[in-house]
1. Can you name every residue in the range 102-123 that is part of a helix (DSSP H, G or I) and either free of Cβ contacts under 8 Å to residues at least 12 places away in the same chain or aliphatic (A, V, I, L, M) (or both)?
2. Considering only the range 46-64, I want to know if a residue exists there that is in a helix (DSSP H, G or I) and over 22 Å from L138 (Cα atoms).
3. Six or more apart or on different chains, Cβ under 6 Å: which pairs go from a residue in the range 39-57 that's under 14 Å from Y158 (Cβ atoms) to one that's of a type outside the set (S, T, N, Q) and assigned to a helix (DSSP H, G or I)? Could you list them?
4. I'd like to check something: does the range 76-87 contain any residue that is closer than 26 Å to V241 by Cα and either touching a residue at least 60 places away in the same chain (Cβ under 8 Å) or of a type outside the set (G, A, S) (or both)?
5. Which one of the conditions (1) within 26 Å of M234 (Cα to Cα); (2) touching a Leu at 6+ places or on another chain (Cβ under 6 Å) does F50 fail to meet, given that it meets all the rest?
6. For the range 157-183, give me each residue that is touching a residue at least 24 places away in the same chain (Cβ under 8 Å) and hydroxyl-bearing (S, T, Y).
7. Failed condition for E135, given (1) in contact (Cβ under 8 Å) with a residue 40 or more places away in the chain; (2) crowded, with 17+ Cβ neighbours inside 10 Å, with all others met?
8. Do we have K43 as modelled with pLDDT under 90 and either surrounded by fewer than 16 Cβ atoms within 10 Å (Cβ to Cβ) or part of a helix (DSSP H, G or I) (or both) here?
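The values are calculated or read from the model by the stated rules, or taken from the named source; none is laboratory data. In this text the structure is predicted, and so the values were computed from the model without any measurement. Note: ideal-geometry Cβ built from the backbone for every residue, glycine included; neighbour counts use all protein chains shown.
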Amino acid sequence: MILVDFNQIMIANLMMQLGNHKNAELDENMLRHMILNSIRSNKQKFTAEFGEMVICADDKNYWRRTAFPYYKASRKKNRESSELDWNAIFTSLNKIREEIKTFFPYKVIQIETAEADDIIGVIVHKEGTPLNTGEKILILSSDKDYIQLHKYGNVSQYDPARKKYIKHAAPEQYLVEHIIKGDTGDGVPNILSSDNCLVVGERQKPITQKRLEEWATGKSMPEEVLRNYKRNEMLIDLANVPDAIKEQILEKYEAANKNDRSQLFNYFMTNKLRNLMENLQDF
């Protein structure tokens, strides 16, 4: 099974395509061609070894933001000041995702208030095995949040942008250290720092290597630090997806995929995807 982190891969791909031309006008047809070509390329490369492709997509709302209002707040602020029209980008991404869901023979999973991380985490926790047994699972994403899932022997992760596998010798230790250090990219402070420090521009309190090692190996923490550890654990550990969301993910995942390839030709003709029509069989 190939689990595709749809938004992450496609946005990374778009950034590479744009290069230094961040003020370029975006064309929906160009974006559609880029997305479909990326799916085709990865399917060709990995299907023989890993099997069917499952597209996992972010919802526009996140349960983490309800639980922790500062979650990804800086990212939103940066996009608002960007030269790129992010509203147009996300509108096009969502439209093309729905087209894939309707016309292509892939399972597309999007759940209200869930991120692709949640979907992939829930599926992997269900299908992962301690040793390299059972169905092989490939996560297509450069996101290091998935390293925690490498604890399963049948799970691999591949970064399509850098064209290399992501590996880690101690994924369970990585998760604990990730919780302690926080994740500035997602607006999650380290466990010594206040909830809003990254939003208000306050410097985080540094964590020494000695403290990191002590806490990572189970030494007790002061009450406030423990509170922040639990805050970060809720946001970072993919085993902590709320039960109601978990149930919806599994229901969609276990449902039969009713799509076939019969509508592909008309879809490609309607959207003038002539360059890709030569490779129709690759989809």
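1. A116, I119, I120, V122, I123, listed by residue number.
2. Yes - at least one qualifying residue is present in the range 46-64.
3. Pairs that qualify, where the first residue is under 14 Å from Y158 (Cβ atoms) and the partner is of a type outside the set (S, T, N, Q) and assigned to a helix (DSSP H, G or I), are Q44/D282; M53/K43.
4. Scanning the range 76-87 turns up at least one residue that is closer than 26 Å to V241 by Cα and either touching a residue at least 60 places away in the same chain (Cβ under 8 Å) or of a type outside the set (G, A, S) (or both).
5. Looking at each condition in turn, F50 falls short on (1).
6. Listed by number, the residues that qualify are Y158, Y174.
7. So E135 meets the others, but not (2).
8. no
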